[in-house]
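Enquirer: Shown below is the structure under consideration.
The values are calculated or read from the model by the stated rules, or taken from the named source; none is laboratory data. Predicted, not measured: the structure shown is a model, and the values here were computed from it. Here the Cβ positions follow ideal geometry from the backbone for every residue, glycine too, while neighbour counts run over all protein chains shown. Only protein heavy atoms, including side chains, enter the accessible area calculation; ligands, DNA and RNA are left aside. Shrake-Rupley method; radii C 1.70, N 1.55, O 1.52, S 1.80 Å.
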Amino acid sequence: MPKQTRTLGPKVTSWIEKYLVYGDHSDFSGQQFLLRDWQKSLLNEMFVVDENGLLIKRRALILTGKGNGKSELTSAICNFFFLSGYHKSPLVVLGAGNLDQAGILFNTCKAQISQGPLKSFVRMTDRKIVMGDGSPGELRRVASSRDQLDGIRPTFVALDEIATFITPAQERSRLVLTNGLAKRSNTFELNISTPGGSETDLMGRMISYAEDVAKGNIEDETFYHKFYRADPKLDLTNPDELKTAIQQANPGADDFWPSDNLIRRYKEIPEHEFRRYHLGQIAKSTDAWLPPGIWQDLEKHSGIEEGADIILGFDGSYNNDSTCLVACTLEEIPRIEVVGLWEKSYHDENWIVPRDEVSAKVRQTFEKYNVLELSADPPGWHKALDEWQDEFPGKIVFYETNFRKRMIRATSKFYTAVVNKDIMHDGNPDLERHLDNCYLKETVTGAYITKEKKSSPRKIDLAVGSVIAYDRATARRDNESDEVGDFGFISI
């Protein structure tokens, strides 16, 4: 029988509203802490317990824009797990990437207690709060880049602004803290931040993990995430859609502060910064390739029919990235379709591409469609390509993506087709994700797509495969030259 569950949320809500007040950095400073409906829902979802009263979720990642009271809410949750009696001998640790940030959360905790009915029950110093009667229990602030944390055994850890955890020392400190949680029972790790950082840092990897959990690629009932984001398809130049975006990403809008404040802010700062700080959209530099929402707005098709003339784009790897197969038709408005994707998750160090499975998919695709050409980026796949050439003579072409002139031209061609809506796709979410991960690398001869950083775990292989397939399909359709000197092709 399934486990019977309930939520600790109403108990947390009731305790906070009874014993805490808003801190010093709030327009409501000193007033009774009253949780909003969205905050109550968050607590209900996050603090689900089993029939024994034990927390089911043990880790959480919450992303929200500035100005939505995340520090106040996080501090209130920390105070609950410190003073409510939920844990025996509680040790609540507030962590951040630097002393100043750790101090913001800690000082908010102090203010919520010292101005409310619990002030006589605790003693406070610059770095910790302890029980006034000397009984076991402590709330402590640490700065991950400085404090010695080995041996610490917390019951609750709150990590504020994890987008700032970018150095090896900061990452190690976070690891030590979370390892310490494993030494106590019924513990919890709360990570909260404004979006930022890069794909390779702590927050980027946690976002990737959350996406895998949401897709069902990873089963982890102990992990909870909540991202307050605006729909990327909304047109921010339209006043009504801008306001809608603000309200979607900011649950505190028109409550803690008026939406008009952010409407004015939109005109004052760069758009990519506004999207990060106020729309919950992970910041990309101005080098990001496709404009937000443009791919989603293209017309979708229901699938390429059997027997259709197609070009296959193949981007292969061995174990550090992903391997993909993308089809493209030769029609006036070509149709892109993902045929196969074999992708490594960042946490699986032993993963390698299932080459036999890839080869089987290639053969199935040649049987299903009239494949005019399989155009492949070949590193690490020469043997397989030779074998495919023996099976499908004259159909295999090396497409050297390292030939920059070739990729610059292909990148520009694909971008123009997207902007002019001269391409259709099958709505594959993995392709959308890979396209969204693409950045432009500027050179003296033009720009081509690449990862944000070479070591980034965010994949772009489906984007590369699509560019290859589209480039070769339109070249065939329009009788363009395929000489090596012009395009970087080698027939085998």
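Enquirer: With +1 on the Cβ of every Lys and Arg and -1 on the Cβ of every Asp and Glu, and nothing else charged, how large is the dipole of segment 372-486 about its Cα centre, in debye rounded to the nearest 20? Each step should come with its number before you reach the end.
Expert: Numbers: 18 positive and 21 negative charges, 116 e Å.
It comes to approximately 560 debye.
Enquirer: Based on the mean of other Cβ atoms within 10 Å per residue, sort peptides 274-280, 293-299, 396-402 so the most packed one is first. Please report the intermediate quantities before stating the final value.
Expert: Numbers: 274-280: 22.9, 293-299: 14.1, 396-402: 20.0.
Final packing ranking: 274-280, 396-402, 293-299.
Enquirer: Hey, another quick one. What's the ranking of 372-381, 165-174 by average number of surrounding C-beta atoms within 10 Å, highest first?
Expert: On the way: 372-381: 21.0, 165-174: 17.3.
In descending order of packing, they fall as 372-381, 165-174.
Enquirer: PRE reach from ASN350 (point 7 Å along Cα→Cβ): which of segment 209-224 fall under 18 Å by backbone N?
Expert: It comes to 218-219, nothing else.
Enquirer: Counting other Cβ atoms within 10 Å, which trypsin sites (Lys or Arg not before Pro) in segment 36-98 have at most 16 and lie in a DSSP loop? If you can, show how the numbers build up before the last one.
Expert: Numbers: sites: ARG36, LYS40, LYS57, ARG58, ARG59, LYS66, LYS70, LYS88; in loops: ARG36, LYS57, ARG58, LYS66, LYS88.
Within segment 36-98, the qualifying trypsin sites (Lys or Arg not before Pro) (loop, at most 16 other Cβ atoms within 10 Å) are ARG36, LYS66, LYS88.
Enquirer: Tell me what the chain gives for mean residue ellipticity at 222 nm when only DSSP H runs of n ≥ 4 count, each as -39,500 (n - 2.57), the sum divided by the residue total, rounded to 500 deg cm²/dmol.
Expert: The helix-only estimate for the chain comes to -11000 deg cm²/dmol at 222 nm.
Enquirer: Keeping every protein chain in place, order ASP390, ASP231, ASP321 by accessible area at 1.4 Å, biggest value first, i.e. largest first. It would help to have the intermediate numbers written out before the result.
Expert: Numbers: ASP390 125, ASP231 55, ASP321 30 Å².
The residues order as ASP390, ASP231, ASP321, largest area first.
Enquirer: Counting only protein heavy atoms and using a 1.4 Å probe, what share of the accessible area of segment 185-260 belongs to carbon plus sulfur, as a whole percent? Spell out each step's value before the answer.
Expert: Working: 1320 of 3060 Å².
Carbon and sulfur atoms account for 43 percent of the accessible area of segment 185-260.
Enquirer: Determine which residues of segment 386-408 fall in the zone a paramagnetic label at VAL419 would reach in this model, i.e. backbone nitrogen under 17 Å from the point 7 Å along Cα→Cβ.
Expert: Within reach of a label on VAL419, which here means backbone N under 17 Å from a point 7 Å along Cα→Cβ, segment 386-408 contributes 408.
Enquirer: Give me the accessible area of TRP351, 1.4 Å probe, in Å² rounded to the nearest 10.
Expert: For TRP351, the solvent-accessible surface is approximately 40 Å².
Enquirer: Also, quick follow-up: Compute the FRET efficiency between GLU357 and GLU331 as 1/(1 + (r/R0)^6), taking r as their Cβ-Cβ distance and R0 = 30 Å, and round to the nearest 0.05. Each step should come with its number before you reach the end.
Expert: Details: r = 30 Å, r/R0 = 0.98.
Here the calculated transfer efficiency is 0.50.
Enquirer: Based only on Cα atoms, what Rg/Rh ratio does segment 161-214 have, Rh being taken as Kirkwood's radius? Show your work: numbers first, answer last.
Expert: Numbers: Rg = 11.9 Å, Rh = 12.1 Å.
For segment 161-214, the value is 0.99.
Enquirer: So which GluC sites (Glu not before Pro) in segment 16-51 are both in a DSSP loop and have at most 11 other Cβ atoms within 10 Å of their Cβ?
Expert: Numbers: sites: GLU17, GLU45, GLU51; in loops: GLU51.
Loop-located and lightly packed - GLU51.
Enquirer: Toward the positive end of the charge dipole of the chain, about the Cα centre and with charges on Cβ (Lys, Arg +1; Asp, Glu -1), which of CYS109, LEU8, THR365 goes farthest?
Expert: With unit charges placed on the Cβ atoms, the residue in question is CYS109.
Enquirer: Here are labelled values, (1) 0.94; (2) 1.04; (3) 1.14, and one is the computed Cα Rg over 2.2 N^0.38 Å for what I pasted. Which one?
Expert: Among (1) 0.94; (2) 1.04; (3) 1.14, the one derived from this structure is (3).
Enquirer: May I ask you to evaluate 6.51 cos²θ - 1.76 cosθ + 1.60, the Karplus curve with θ = phi - 60°, for each residue of segment 214-231 and list the ³J(HN,Hα) values in order in whole Hz, giving x for glycine and proline?
Expert: 5, 7, x, 5, 10, 9, 8, 6, 7, 9, 10, 9, 9, 10, 8, 9, 8, 5
Enquirer: Suppose the chain between SER14 and LYS405 were pulled fully straight at 0.36 nm per residue; how much longer would it get relative to their current alpha carbon spacing?
Expert: Values: separation 391, 0.36 × 391 = 140.76 nm, distance 6.41 nm.
So the extension gain works out to 134.4 nm.
Enquirer: Then there's this: Using the Cα centre as the reference, give the magnitude of the dipole from point charges on the C-beta atoms of the chain (Lys, Arg: +1; Asp, Glu: -1; all else neutral), rounded to the nearest 20 debye. Let's see the in-between values first.
Expert: Details: 62 positive and 73 negative charges, 529 e Å.
Taking the Cα centre of the chain as origin, the dipole is about 2540 debye.
Enquirer: Moving on to the next point. By its C-alpha gyration tensor, with a ≥ b ≥ c as the square roots of the eigenvalues, how is segment 313-449 shaped: rounded for a/c under 1.5, else prolate for a/b larger than b/c, else oblate?
Expert: Working: a/c = 1.43, a/b = 1.20, b/c = 1.19.
Verdict is rounded for segment 313-449.
Enquirer: Hey, with R₀ at 41 Å, roughly what FRET efficiency would ARG123 and LYS215 work out to, going by the Cβ-Cβ distance, to 0.05?
Expert: Values: r = 48 Å, r/R0 = 1.16.
With R0 = 41 Å, the Cβ-Cβ based efficiency is 0.30.
Enquirer: Continuing with the same structure: Taking the dipole about the Cα centre of the chain, with the C-beta of Lys and Arg at +1 and of Asp and Glu at -1, give me whichever of LEU462, GLY280, VAL326 is farthest to the positive side.
Expert: Checked the options; the winner is GLY280.
Enquirer: Suppose every Lys and Arg Cβ carries +1 and every Asp and Glu Cβ carries -1, with no other charges. What dipole size does segment 1-149 come out with about its Cα centre, to the nearest 20 debye? Walk me through the numbers before you get to the answer.
Expert: Numbers: 20 positive and 13 negative charges, 56 e Å.
Roughly 260 debye for segment 1-149.
Enquirer: Can you order the peptides 220-228, 98-106 by their average number of other Cβ atoms within 10 Å per residue, highest first?
Expert: Listed from highest to lowest mean packing, they are 98-106, 220-228.
Enquirer: As an exercise, use a Förster radius of 51 Å and the Cβ-Cβ distance of ASN186 and ASN479 to find the FRET efficiency, rounded to the nearest 0.05. Display every interim value, and only then the final one.
Expert: Details: r = 69 Å, r/R0 = 1.35.
Approximately 0.15, to the nearest 0.05.
Enquirer: What ranking of HIS382, HIS425 comes out by heavy-atom accessible area, probe 1.4 Å, highest first?
Expert: Working: HIS382 85, HIS425 5 Å².
In descending accessible area the options line up as HIS382, HIS425.
Enquirer: Convex hull volume of the Cα atoms in segment 368-465, per residue, in Å³?
Expert: Numbers: hull volume 13.3 nm³, N = 98.
Measuring per residue, one finds 136 Å³ for the Cα hull of segment 368-465.
Enquirer: While we're looking at this one, here's another question. At q = 0.16 Å⁻¹, work out log10 I(q)/I(0) for segment 87-197 with the Debye formula, treating every Cα as an identical point scatterer and leaving solvent out; two decimals please.
Expert: Relative scattering, expressed as log10 I(q)/I(0), comes to -0.71.
Enquirer: Can you give the translational diffusion coefficient of segment 409-480 in µm²/s, computed by Stokes-Einstein from the Kirkwood radius over Cα pairs at 25 °C and 0.890 mPa s? List each step's numbers first, then the result.
Expert: Values: Rh = 13.0 Å.
D = 189 µm²/s.
Enquirer: Another question, if that's okay. Kindly give Rg over Rh for segment 366-405, based on alpha-carbon atoms, with the Kirkwood expression for the hydrodynamic radius. Intermediate values should be presented prior to the final figure.
Expert: On the way: Rg = 11.0 Å, Rh = 10.9 Å.
In segment 366-405, Rg relative to Rh is 1.01.
Enquirer: Per residue of segment 12-23, in order, report the coupling 6.51 cos²θ - 1.76 cosθ + 1.60 (Karplus, θ = phi - 60°) as ³J(HN,Hα) in whole Hz, putting x for Gly and Pro.
Expert: So the Karplus estimates, Gly and Pro as x, are 4, 4, 4, 5, 4, 5, 7, 10, 10, 10, 5, x Hz.
Enquirer: Next question. How much length is gained if the chain between GLU138 and SER41 is pulled fully straight, taking 0.36 nm per residue apart and subtracting their Cα-Cα distance, in nm to one decimal?
Expert: Values: separation 97, 0.36 × 97 = 34.92 nm, distance 2.78 nm.
So the extension gain works out to 32.1 nm.
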